[in-house]
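Student: Quick one: structure below, then a few questions.
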Amino acid sequence: MKYDISALGNALVDTQYMVDHEFLSEIGLEADSMTLATPEEHAPIIKKLEEMGAESVSDCGGSATNSLVAAANYGSNCHHVCRVADDKDGNKYLESLQIAGVKHIGVSKEESDLPTGKCLIFVTPDAKRTMSSMLGISAFLGPKDIDYDAVQNSKIFYIEGYMVTSDENFSAVTSVLENIGGDTLKALSLSDAGIVNGFKDKFKEIESFGIDMIFCNDDEAVAFAGTENLEKAIDFYKNQSYMIAITKGSEGSIIIKDGQEIFSPAISITPVDTNGAGDMYAGSFMHAYLKGHSLQECAEFSNYASSKVVETFGPRLTPDGYAAVSNKLRKS
């Protein structure tokens, strides 16, 4: 096949800030959640942050993007389905993908006055991350932005769960699912428990296409299963046809496949920033899986990779950082 992993997700230029919980209360955001916003809603928040002199770091992000960048740095051949505008941020985004070795169709052929998407990410002293996303042109990703040949010739097609929040994005997801064959594994990230609860019908429709892998945290797992707690959710997933990887933060992760439960403990670290940990886990897991490693080995490698991101301010590692993590897989 032409690609190892193709993914469909939002293209967002991320700016990450160190703040306290009082700041989140002042701007009306719930800690450890994702909220959609407009450019007008972002403006006063950015002004307040500038006045505070908050520590920040900016890079090209998006959940699926972060996963692909990790896998590509390990050596996977990756293709990204996302939409950017022909503006400064959009060109920066495409350049960032190129540097990481991730292929992309380029600026959309459909003209629009909307800007490239942006995400403000707030990291509190407990290392939790809270996000305010302005999707911009990303919310209108359509058929002209999709290289169907690339997706159809991928070993894994990975869907970012945030794509259910826009009708256009969701139509893009289903159009790809309708066109890929049985040789391509279909993977889904649940992304956010609130989004799972708010768009359950769309998630279930994606599931109806025959999902092979789901990636989520414990709260998202409970929301998708519709159970009262994680223990009951695990029982639910043991009866499903797909594999699910459930991350549990400092406790580690659980893989459930064919009724079997595989636990992998977390690496003991001092957390700095949990933003991007789940993205890193998914990208690392898919890479290791395609290399033929066992589910236990995939989970252990992904836990290790995620721990390195949590030790870092920002959702990604340096090229040397990815190389060191990749070396961990080769030695396992």
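Student: Which residue, GLU300, GLU251, GLU205, tops the fluctuation ranking in a GNM of the chain built on C-alpha contacts under 10 Å?
Tutor: Per the Cα network of the chain with a 10 Å cutoff, GLU205 tops the list.
Student: Taking H placed 1.01 Å from N in the peptide plane, check which residues at least 5 places from VAL81 or on another chain put their amide H under 5 Å from its amide H.
Tutor: When sequence neighbours closer than 5 places are left aside, the close amide H contacts are ALA7, LEU8, GLY9.
Student: So, one more: Taking amide H atoms as placed 1.01 Å from N in the peptide plane, list the residues 5 or more away in sequence, or in a different chain, whose amide H sits under 5 Å from that of GLY61.
Tutor: Correct list: LEU12, VAL13, ASP14.
Student: From the Cα gyration tensor of the stretch 119-248, with a ≥ b ≥ c the square roots of its eigenvalues, which class applies: rounded if a/c is under 1.5, or else prolate if a/b is larger than b/c, or else oblate?
Tutor: Cα axes put the stretch 119-248 in the oblate bin.
Student: List the residues, sorted by chain then number, that are 5 or more residues from LEU188 or on another chain and whose placed amide H is less than 5 Å from its amide H.
Tutor: Under 5 Å from the amide H of LEU188 lie the amide H atoms of ILE159, MET213, ILE214, PHE215, each far enough along the sequence or on another chain.
Student: At what distance in nm do the modelled label points of GLU205 and ASN91 sit from each other, each positioned 7 Å from its Cα along Cα→Cβ?
Tutor: If labels sit at GLU205 and ASN91, their model points lie 3.7 nm apart.
Student: Here's something else I'd like to know. THR116: net charge of surrounding residues, Cβ under 11 Å, Lys/Arg +1, Asp/Glu -1, itself excluded?
Tutor: +1
Student: In a GNM of the chain with a 10 Å cut-off on Cα contacts, which of VAL123, VAL164, VAL176 has the highest mean-square fluctuation?
Tutor: Residue with maximal mean-square fluctuation among VAL123, VAL164, VAL176: VAL176.
Student: Of SER76, SER25, SER154, which is the most mobile in a GNM of the chain whose springs link Cα atoms less than 10 angstrom apart?
Tutor: Among SER76, SER25, SER154, the largest mean-square fluctuation in the Gaussian network model of the chain belongs to SER25.
Student: Right, here's the next one. Within 12 Å, Cβ to Cβ, of THR247, how many net charges do the neighbouring residues add up to if Lys/Arg are +1 and Asp/Glu are -1?
Tutor: -4
Student: Just in the stretch 8-110: which trypsin sites (Lys or Arg not before Pro) are loop by DSSP and have at most 11 other Cβ atoms within 10 Å?
Tutor: The qualifying sites are LYS109.
Student: List the GluC sites (Glu not before Pro) within the stretch 31-99 that fall in a DSSP loop (any state other than H, G, I, E or B) and whose Cβ has at most 14 other Cβ atoms within 10 Å.
Tutor: Here the GluC sites (Glu not before Pro) that fit, given the DSSP loop and packing criteria, are GLU55.
Student: OK, next. Can you give the local net charge around VAL196? Use residues other than it whose beta-carbon is closer than 9 angstrom to its beta-carbon, Lys and Arg +1, Asp and Glu -1. Mind showing how you got there, number by number?
Tutor: Details: positive: LYS200; negative: ASP192, ASP219, GLU220.
Result for the local shell: -2.
Student: Mean separation of Cα pairs under 8 Å and 6+ residues apart, divided by the residue count of the chain: what relative contact order is that in percent?
Tutor: 18
Student: To continue, here is another question. Could you work out the helix-only [θ] at 222 nm for the chain, with each DSSP H run of four or more residues adding -39,500 (n - 2.57) and the total divided by the number of residues, to the nearest 500 deg cm²/dmol?
Tutor: That comes out to -12000 deg cm²/dmol.
Student: Tell me which label goes with the value of P(r) over Cα pairs in 20 Å bins from 0, in percent computed from the coordinates here: [x] 34, 61, 5; [y] 28, 50, 13, 6, 3, 0; [z] 29, 55, 16, 1.
Tutor: Among [x] 34, 61, 5; [y] 28, 50, 13, 6, 3, 0; [z] 29, 55, 16, 1, the one calculated here is [x].
Student: Another question, if that's okay. When a footprinting reagent is the concern and you count Cβ atoms within 10 Å, what order do ARG330, ARG129, ARG316 take, fewest first? Can you show the working numbers first?
Tutor: Values: ARG330 9, ARG129 19, ARG316 25.
Least crowded to most crowded, the residues run ARG330, ARG129, ARG316.
Student: Continuing with this model, one more query. Given Cα pairs under 8 Å that are at least 6 residues apart, what percent is the relative contact order of the stretch 1-104?
Tutor: Computed over the stretch 1-104, the figure is 43 percent.
Student: As an exercise, find the ratio Rg/Rh for the stretch 181-332 from alpha-carbon atoms, using the Kirkwood inverse-distance average for Rh.
Tutor: Using only Cα positions, Rg/Rh for the stretch 181-332 is 0.96.
Student: Separate question: So which lysines pass the test for LYS291, namely a Cα distance under 27 Å, with those fewer than 8 places away in the same chain ruled out?
Tutor: LYS2, LYS103, LYS155, LYS186, LYS238, LYS248, LYS257, LYS308, LYS328, LYS331
Rule-based calculations on the coordinates, nothing more; no lab input. Quantities reported herein were computed from a predicted structural model and do not represent experimental measurements. Neighbour counts run over all protein chains shown; Cβ positions are idealised from the backbone, glycine included.
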